[in-house]
1. Using DSSP to define loop residues, name the chymotrypsin sites (Phe, Trp or Tyr not before Pro) in segment 43-77 whose beta-carbon has at most 15 other beta-carbon atoms within 10 Å.
2. Can you give me the % of accessible surface on segment 1-83 that is carbon or sulfur? Probe 1.4 Å, all protein chains present, nothing else counted.
3. Working only with C-alpha atoms, what are the Rg and Dmax values of segment 169-248, expressed in angstrom?
4. What is the pair-distance distribution P(r) of segment 13-76, computed from all Cα-Cα distances in 5 Å bins starting at 0, with each bin given as a whole percent?
5. Counting only complete DSSP H runs, which helices of the chain cover 20 Å or more along their long axis at the Cα atoms and score a mean Kyte-Doolittle of 0.5 or above?
6. Once you keep just the Cα pairs under 8 angstrom separated by 6 or more residues, what percentage relative contact order results for segment 141-248?
7. For segment 1-114, what relative contact order do you get, as a whole percent, if you take Cα pairs closer than 8 Å and at least 6 residues apart?
8. Please check: in the Gaussian network model of the chain (C-alpha springs, under 10 Å), which one of 125, 134, 23 has the largest mean-square fluctuation.
Amino acid sequence: RIIILIIMLAGLTLSESMMQSGLLAAGGLLLLAVLWIVQRRSASALLLWQLEQLFHKEAYSLFAGLVHDRESAIKVFHSGDKPLAYEMLREIGALVHTDQLRAEQILLLQSFVLRKDMDLMLDPLLMDHFNPDLVEYIGELAKIRRDLLKENTFRYILLHEAQILKMEHGESILTGVAGAAVRMKRYITLYPYLVQRYARKLPRDRFLRLYRIIQSSPHASPSPLYEEVMSIYNEKYKWDEDFRHANK
């Protein structure tokens, strides 16, 4: 920008007419505007490149520091301060994405009595392989924080459904996950077979929500999910006032 200003000022000084001065000024300002736009658009890419170079340069120091932080978190855990140990592992997890670290965080979470008001998370803890502790954690979240169960979770559950059914409370966990899917019409549309398979075991309030969504969807019939929902409705809830109001 300084170079452009110097050239523009030099040109204005040496110009022989007002027209030349005007053209030089307009050209210089236009060039400055173009340069400003280009620099603004490339700034984020440049910052990312500089950050990547920094990570490569300091890779060993970063790795050693993270290993030290993890060991410190384990010591804090053994000292009895589990919440602090979890927060330390969570901070490390922002940079380190390994199933081992995820498993450690899940084991720590399982040592707490989970509450709705806790700062819980799920997506960053999902693994590439089947992990029963992760499934148990998902089952707990399905009871207290359904909003944390999103598309990645439903895909994980469907991928490992057969193994989950072999767990002691596997069917109950899958029913809870299906109940969480009923939270949004989008999830019912994307994962109808998950909902269909466990619709019969849904609690009354979750099935009522599913029934209302199905009834309000003009293109729901004659899908297998629609037929299953109507079959359950006719068997169990046909004379229920809340369900009858849902039809109005």
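The values are calculated or read from the model by the stated rules, or taken from the named source; none is laboratory data. The structure displayed is predicted, hence computed values, not measured ones. As a convention, Cβ positions derive from the backbone with ideal geometry for all residues, glycine included, and neighbour counts pool all protein chains shown. In case anyone asks, the SASA skips ligands and DNA or RNA and just uses the protein heavy atoms, side chains included. Shrake-Rupley method; radii C 1.70, N 1.55, O 1.52, S 1.80 Å.
1. none
2. 71
3. 11.7, 38
4. Bins of 5 Å from zero give 3, 14, 10, 10, 9, 9, 8, 7, 7, 6, 5, 4, 4, 3, 2, 1 percent of pairs.
5. Details: long enough: 18-57 (54 Å, 0.88); 59-79 (30 Å, 0.27).
Qualifying helices, which must be both long enough and hydrophobic enough, are 18-57.
6. Values: 84 pairs, mean separation 22.8, N = 108.
Reported as a whole number, the value is 21 percent.
7. It comes to 14 percent, rounded to a whole number.
8. 23
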